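Enquirer: Can you read through this structure? Questions will come right after.
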Amino acid sequence: MELNTEIETADRQQLTELQSKRLVKMVERIYNNVPFYKQKFKEKGIEPGDIKSIDQLKHLPFTIKSDLRDNYPFGLFTVPQSEIVRLHASSGTTGKPTVVGYTRNDINTWSEVVARSLTMAGITKNDIIQVAYGYGLFTGGLGLHYGAERVGASIIPISGGNTKKQLQLMQDFGSTAIACTPSYAAYLAESIIKEGIPQEKIKLRAGIFGAEPWTEEMRQQIEKMMHIKAYDIYGLSEIIGPGVSMECQHQCGSHIFEDHFIPEIINPETLEVLPYGELGELVFTTVTKEAMPLLRYRTRDLTRLHPEKCACGRTLVRMEKCLGRSDDMLIIRGVNVFPSQVESVLLEMSETTPHYQMIVTRENNLDELEIKVEVDDQFWSDEIKILEGLKKRIHHNISSVLGINAQIKLVEPNTIERSEGKAKRVIDNRKL
Ligand code: DLL
């Protein structure tokens, strides 16, 4: 099986040469086929011939999500519809969905990067993988499916939801790996325990979790509850879907498949490119995509990049776990707050569960943050004094991490709605 794994340990010069060669071709392709990009190049006074290597990437225009909407549905495609073999779309909070298209070669590239991701997590043809990401317009289900097929694993294409059936097939078919969002994994783990399923009936050893931000504490909790190793897989529909980057056994950041996607970190305000190690917005340029290549796509995801060779031998740049999206970031009374900060605090305490919700309101021009925290079954008590004590401690821990005062509301076990896909952690009721 040609999985292009040599490139994962190539030296930087070899990789840069490959990226430059591919970028030159990609730039020509979008300039000649996408009026939107031709216009952008004209505005910047650049011609495709000016771009000779990735050193010049910084001179090229950015692409943002609204550019996809403005060219809805197929305006950024470089090929006629007859060459498109698949369409996916992600629903935004407002208006039209973001549409992406794939040629046959794109599906091939996508399968390759997901297969390489699964290989990083040690998945082989001997595994039985339960794909519990949603199948459909969302890229999670079909993305994992094609990659797992490429690896040769046995796939259970169960899609998201229907938790009882997930648990039944997991036992009956002997799933050794599961792919779903980390919040759904936490729910499945909880359900296994609640249903009293004996540990020996569960054969899982690896989880391929992504599609939403999750903390290191959440990883440890899922690993402990499910007795598995939990790997982080990252991606976004606009770039290809899952398989833009993936963690290896060493779990020290996700390796970006740089032979297909060139990463940059920028300061989201000044748009200047930041050096390795600095926190900023992740930007990707696709260099092999045919149907809808994107130039310097601003993901809104905040992270850092690290170029040092990994203990696994891979030289691909690693990205840290995403801190969150810049658009998930709440600004409460002027202070930047991420749901991941709340999650870390709650999971460090044994009395609370990974299920929480942040509700923001504004009264008399003052922002208020309420955090609904679900108490673990074992620690729920009818004694007000006990719960008051717990609430005080949570309040103290959260306030010291966030730097603002939040109202804590303790809620009974199993009362916060569980998600089968991406969890909704924040409800912002302010009319901003
Ligand atoms: O979520 C693709 C995917 C499917 C990735 C299955 C991994 C597994 P979108 O629906 O377009 O695509 O959402 C992309 O989700 O910009 C991030 O904000 C977030 N995201 C995805 N993976 C991770 C991750 C898929 N591992 C958006 N950690 C991205 C943190 C993630 N955030």
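Enquirer: In segment 80-122, which residue that is within 14 Å of the ligand (Cβ to nearest atom) and assigned to a loop (DSSP other than H, G, I, E, B) is surrounded by the fewest Cβ atoms within 10 Å (Cβ to Cβ)?
Expert: Going through the qualifying residues, I end up with Thr93.
Enquirer: Take the residues in segment 185-210 that are within 16 Å of the ligand (Cβ to nearest atom) and of a type in the set (Gly, Ala, Ser), then tell me which one is surrounded by the fewest Cβ atoms within 10 Å (Cβ to Cβ).
Expert: The qualifying residue surrounded by the fewest Cβ atoms within 10 Å (Cβ to Cβ) is Ala206.
Enquirer: Given the conditions (1) open to solvent by less than 10 Å² (accessible area, probe 1.4 Å); (2) within 16 Å of the ligand (Cβ to nearest atom); (3) over 18 Å from Ala179 (Cβ atoms), which single one is not true for Asp259?
Expert: It is condition (2) that Asp259 fails.
Enquirer: Could I ask something else about it? If Tyr135 passes every condition in (1) part of a strand (DSSP E or B); (2) open to solvent by 10 Å² or more (accessible area, probe 1.4 Å) but one, which one does it miss?
Expert: (1)
Enquirer: Only one residue in Pro182, Pro213 is within 12 Å of the ligand (Cβ to nearest atom), assigned by TED's automatic domain parsing to the domain that holds Gly136 and either free of Cβ contacts under 8 Å to residues at least 40 places away in the same chain or open to solvent by 10 Å² or more (accessible area, probe 1.4 Å) (or both), so which one is that?
Expert: Among Pro182, Pro213, only Pro213 is within 12 Å of the ligand (Cβ to nearest atom), assigned by TED's automatic domain parsing to the domain that holds Gly136 and either free of Cβ contacts under 8 Å to residues at least 40 places away in the same chain or open to solvent by 10 Å² or more (accessible area, probe 1.4 Å) (or both).
Enquirer: Continuing with this model, one more query. Failed condition for Glu149, given (1) in contact with an Asp or Glu (Cβ under 7 Å, 6 or more places away or on another chain); (2) open to solvent by 20 Å² or more (accessible area, probe 1.4 Å); (3) not polar (S, T, N, Q), with all others met?
Expert: (1)
Enquirer: Of everything in segment 299-327 that's within 10 Å of the ligand (Cβ to nearest atom) and not in a loop (DSSP other than H, G, I, E, B), which residue is nearest to Ser237 (Cα to Cα)?
Expert: The selected residue is Thr299.
Enquirer: Follow-up question, since we're still on this one. Are any of the residues in segment 295-311 in the same structural domain as Val34 (by TED's automatic domain parsing), open to solvent by 10 Å² or more (accessible area, probe 1.4 Å), at pLDDT 95 or above and of a type in the set (Ser, Thr, Tyr)?
Expert: No; the residues of segment 295-311 include none that is in the same structural domain as Val34 (by TED's automatic domain parsing), open to solvent by 10 Å² or more (accessible area, probe 1.4 Å), at pLDDT 95 or above and of a type in the set (Ser, Thr, Tyr).
Enquirer: Within segment 391-431, how many residues are part of a loop (DSSP other than H, G, I, E, B), open to solvent by 90 Å² or more (accessible area, probe 1.4 Å) and touching a residue at least 40 places away in the same chain (Cβ under 8 Å)?
Expert: Summing the residues that are part of a loop (DSSP other than H, G, I, E, B), open to solvent by 90 Å² or more (accessible area, probe 1.4 Å) and touching a residue at least 40 places away in the same chain (Cβ under 8 Å) in segment 391-431 gives 4.
Enquirer: Answer with yes or no whether Leu76 is in the same structural domain as Lys38 (by TED's automatic domain parsing), touching a strand residue (DSSP E or B) at 6+ places or on another chain (Cβ under 7 Å) and either crowded, with 16+ Cβ neighbours inside 10 Å or under 25 Å from Thr63 (Cβ atoms) (or both).
Expert: When the stated conditions are applied, Leu76 does not pass them.
Enquirer: Restricted to segment 135-170, and to residues that are within 18 Å of Ser191 (Cβ to Cβ) and in contact with a strand residue (DSSP E or B) (Cβ under 9 Å, 6 or more places away or on another chain), which residue is nearest to the ligand (Cβ to nearest atom)?
Expert: Gly160
Enquirer: Can you tell me which residue in segment 14-50 is surrounded by the most Cβ atoms within 10 Å (Cβ to Cβ), limited to those that are part of a helix (DSSP H, G or I) and among the small types (Gly, Ala, Ser)?
Expert: Ser20
The values are calculated or read from the model by the stated rules, or taken from the named source; none is laboratory data. All of these numbers come straight from a predicted model, not from anything done at the bench. FYI the Cβ positions are ideal-geometry reconstructions off the backbone, even for glycines, and counts take in every protein chain you see. Note: accessible area is taken over every heavy atom of the protein model, side chains too, but ligands, DNA and RNA are not part of it. Shrake-Rupley method; radii C 1.70, N 1.55, O 1.52, S 1.80 Å.
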